[in-house]
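Please read the structure below before turning to the comments.
The values are calculated or read from the model by the stated rules, or taken from the named source; none is laboratory data. The structure displayed is predicted, hence computed values, not measured ones. Counting neighbours? That spans all protein chains shown, and the Cβs are built from the backbone with ideal geometry, glycine included.
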Amino acid sequence: MTVLSLRGISKRFGSLVANDDISLDLQAGEVLALLGENGAGKSTLMSILFGHYVADAGHIEAFGRPLPPGNPKAALAAGIGMVHQHFTLADNLSVLDNVLMGTEPLWQPFSRRAAARERLLAVARRFGLPVQPDALVGSLSVGERQRVEILKALVRDARILILDEPTAVLTPQESEALFGTLSQMVAEGLAVIFISHKLAEVMRVSHRVAVLRGGRLVAQARTGETTQAELALWMVGHAIEGTARQPARRVGDAVCVLDHVHTQGQGHDRLRDVTLTLRAGEITAIAGVSGNGQVALAELLSGTRRASSGTVTLMGRSLPPSPARLVLRGVARIPEDRHAIGVIGDLPVWENAVSERLRSRAFSRWRFWIRRGAAKAHAHAVEKAYDVRGGGLDAPARSLSGGNMQKLILGRALLAPASVAAQNRLPRLIVAHQPTWGLDIGAVAYVQQQLVAARDAGAAVLLISDDLDEVLTLGDRVAVMHGGQLGEPRAASAWTREAIGLAMAGAAA
């Protein structure tokens, strides 16, 4: 039975064709994987389906009835639910309050909490999603929060569920639990649109795949009749060579040393007695569920957070709590959130390319007069060396796709201006926090290759990632962070995925 039908969907943003005559069907009890590079049109298509955008052409039917365009309330009423990659929960409210939010009219004189509680528990039992209705969301693990997001949709009688990168922040054990939940939902007749860049998961959980490229639907196939290599080829238009494990060639001296470091922070977003040595020519990978101190570690080494006790040294000297001074001392930063922290979206590409060195002699006179010619020349060098594609140097950074935005950040971090002395051009320390999060397979391979090349050139690389495949492929040594504490780093070959998953959950590895 066809539960969703999209016909001839097209959407333009100025000269950009985001969706071009896309037609798709979804069947009851089916998992359809929607694939594509960053900027391929997936988000636009889902936004049209959910009523956030209005298509320029085409129409949508849900359960045989026309879906009114540009009306999220109508989409919810039609049984369409969406679980976003970044959860939309209020940490200071209970599970029940989060589920109830938006389901009752403002003029209702009282809340029907007892009935809502029974409804929540019944749906949780039906789909194997155990929750505590009175628990504060802020006290839940990431996997438990995702259950709440899914239950929010199911309690509203969602019969079509859109899952956007659902395993991005889960441990392997939590991912397995999610896959079990998906099987149960499909058995109950729900239809699922599964958006993911992890092709192994796509092959495992989906029945069919649909691939977008350049705004067009370029391929559809039953999952059992295709391969990961073929999916990657459809997504990018050419064969992709993944990053193979390449052990460090030569590990050098200590570049950065943390000795019994504590930091301030809320909840687990702090460091508790962390000791770590980062060495030249080596990638040290930190695994862990987001929110367990990784942000504190990245901010400490980027100069935006201070240690409350303990010592941090860079090349034998005390680490200054100043991002600008750290850049000049050879620390390259690849932040976790490229949109909110990595770039200033309204500024042009060229200004973002030089922003971290804007007050250096390479790009300014007397610290306030910008040398636009030198700055644009360097931005052009970054654009060329790192294959940044978009609207040109004067286009706003927010107009770049996720992959091209990350390439811009990489180039800014790793490519020093030509005026910098040759011995100072290579970063001494690279702090790469979720460097491939949300990127397509081609962009992932590119970013990973650049980090390996920097390591082989002699940089010390700290890789903080939720992706265990990335951790085990790139890491020469791997440590697990949980509750603000860092376990002992071990050679990557000494870990199994199961052991890392247990350590991420706080159990002994």
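Only one entry in Trp495, Trp437 is touching a strand residue (DSSP E or B) at 6+ places or on another chain (Cβ under 6 Å) and either over 23 Å from Val261 (Cα atoms) or not assigned by TED's automatic domain parsing to the domain that holds Ser290 (or both), namely Trp495. Beta carbons closer than 8 Å, at least 6 apart along the sequence or on distinct chains, pair a first residue in segment 144-158 that is farther than 18 Å from Ser175 by Cβ with a second that is of a type in the set (D, E, K, R) and modelled with pLDDT of 85 or more for Val155/Arg119.
Restricted to segment 1-87, the set of strands (runs of 3 or more DSSP E) holding at least 1 residues that are closer than 30 Å to Gly391 by Cα comprises 2-13, 16-27, 31-36, 57-62. Counting the residues of segment 154-185 that are in contact with an Asp or Glu (Cβ under 7 Å, 6 or more places away or on another chain) and hydrophobic (A, V, I, L, M, F, W, C) gives 2.
Only residues that are hydrophobic (A, V, I, L, M, F, W, C) and touching a Ser or Thr at 6+ places or on another chain (Cβ under 6 Å): list them for segment 266-288, please.
Within segment 266-288, Leu271, Leu278 qualify.
With respect to the stated conditions, Ala187 is surrounded by fewer than 21 Cβ atoms within 10 Å (Cβ to Cβ) and in the same structural domain as Pro72 (by TED's automatic domain parsing). Considered as a group, the residues in segment 176-200 that are out of contact with any Lys or Arg (no Cβ under 9 Å at 6 or more places or on another chain) and among the polar types (S, T, N, Q) include one that is nearest to Met46 (Cα to Cα), and that residue is Ser196.
Of all residues in segment 122-141, those that are assigned by TED's automatic domain parsing to the domain that holds Leu154 have Cβ atoms under 9 Å from Cβ atoms of residues that are surrounded by fewer than 12 Cβ atoms within 10 Å (Cβ to Cβ) and outside any helix (DSSP H, G or I), 6 or more apart or on another chain, in Ala124/Pro130; Leu136/Asn92; Val137/Asn92; Gly138/Asn92.
Residue-wise test of (1) farther than 18 Å from Val461 by Cα; (2) in the same structural domain as Val461 (by TED's automatic domain parsing); (3) at pLDDT below 90; (4) in contact with a strand residue (DSSP E or B) (Cβ under 6 Å, 6 or more places away or on another chain).
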position: Gly281; (1), (2), (3), (4): no, yes, no, no
position: Leu297; (1), (2), (3), (4): no, yes, no, no
position: Ser309; (1), (2), (3), (4): yes, yes, no, yes
position: Met315; (1), (2), (3), (4): no, yes, no, no
position: Leu319; (1), (2), (3), (4): no, yes, yes, yes
position: Leu326; (1), (2), (3), (4): no, yes, no, no
position: Asp337; (1), (2), (3), (4): yes, no, yes, no
position: Ala340; (1), (2), (3), (4): yes, no, yes, no
